[in-house]
Amino acid sequence: MSACQPATTPALSAESAVDLARIFKAVADPTRLRLISMVAAHEQAEVCVCDLTAPLDLGQPTVSHHLKILVEAGILSRDKRGIWAYYKLVPGTLDSLAHQLLSL
């Protein structure tokens, strides 16, 4: 009898690992975690970038950079209205991330 046992659950595919790592990299920053929390906690579930700078004590370019990373990772969506951009959580993204973590 062999001491090695085959895996009973499928391993994470290379493509899935790349996608998951991209999302983890996006959320592995304290400012970005705070931004996600602030957007999620907003009454309308949507917030203008102009409302995020003061609570973070960061300039608009820095906040916009972090928001861009979160949009590229598929965590937030962006809606441009005039000179301002509004952000909201992409439905199901955080639930999907939690599910992926529990499946590892």
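The values are calculated or read from the model by the stated rules, or taken from the named source; none is laboratory data. What you are looking at is a predicted structure, and each value in this text was computed from that prediction instead of being measured. Backbone-built Cβ (ideal geometry, glycine too); neighbour counts: all protein chains shown. Just the protein is used for accessible areas: all its heavy atoms, side chains included, with ligands, DNA and RNA removed. Shrake-Rupley method; radii C 1.70, N 1.55, O 1.52, S 1.80 Å.
Please work out which one of (1) under 14 Å from the mean Cα position of the chain (by Cα); (2) buried (at least 17 other Cβ atoms within 10 Å of the Cβ); (3) at pLDDT 90 or above; (4) of a type outside the set (D, E, K, R) is the condition residue 86 fails and give its number.
Just one mismatch for residue 86, condition (1).
Does residue 39 satisfy the condition of being open to solvent by less than 40 Å² (accessible area, probe 1.4 Å), more than 17 Å from residue 94 (Cα to Cα) and aliphatic (A, V, I, L, M)?
Values: open to solvent by less than 40 Å² (accessible area, probe 1.4 Å): yes; more than 17 Å from residue 94 (Cα to Cα): no; aliphatic (A, V, I, L, M): yes.
No; evaluated as a whole, the condition is false for this residue.
Residues 70, 97: which one is touching a residue at least 24 places away in the same chain (Cβ under 8 Å), over 13 Å from residue 35 (Cβ atoms) and surrounded by 16 or more Cβ atoms within 10 Å (Cβ to Cβ)? First the steps, then the outcome.
Numbers: 70 fails: over 13 Å from residue 35 (Cβ atoms).
On inspection, the qualifying residue turns out to be 97.
Name every residue in segment 53-104 that is touching a His at 6+ places or on another chain (Cβ under 9 Å) and assigned to a loop (DSSP other than H, G, I, E, B), in order of residue number.
Within segment 53-104, 58 is the sole residue that qualifies.
Answer with yes or no whether residue 91 is open to solvent by 90 Å² or more (accessible area, probe 1.4 Å) and closer than 20 Å to residue 102 by Cα. Break it down into steps so the answer makes sense when it comes.
Working: open to solvent by 90 Å² or more (accessible area, probe 1.4 Å): yes; closer than 20 Å to residue 102 by Cα: yes.
For residue 91, the condition - open to solvent by 90 Å² or more (accessible area, probe 1.4 Å) and closer than 20 Å to residue 102 by Cα - is met.
For segment 43-61, which residues satisfy the criterion of being surrounded by 13 or more Cβ atoms within 10 Å (Cβ to Cβ) and in contact (Cβ under 8 Å) with a residue 12 or more places away in the chain?
46, 47, 48, 49, 50, 52, 56, 58
Would you pick out the residues in segment 73-83 that are on the phi > 0 side of the Ramachandran plot and surrounded by 16 or more Cβ atoms within 10 Å (Cβ to Cβ)?
Quick first cut of segment 73-83, residues on the phi > 0 side of the Ramachandran plot only: 74, 82.
Residues satisfying the conditions do not exist here.
Given the condition at pLDDT 90 or above, among the β-branched types (Val, Ile, Thr) and open to solvent by 60 Å² or more (accessible area, probe 1.4 Å), answer yes or no: does some residue in segment 7-30 qualify?
No, because not a single residue in segment 7-30 is at pLDDT 90 or above, among the β-branched types (Val, Ile, Thr) and open to solvent by 60 Å² or more (accessible area, probe 1.4 Å).
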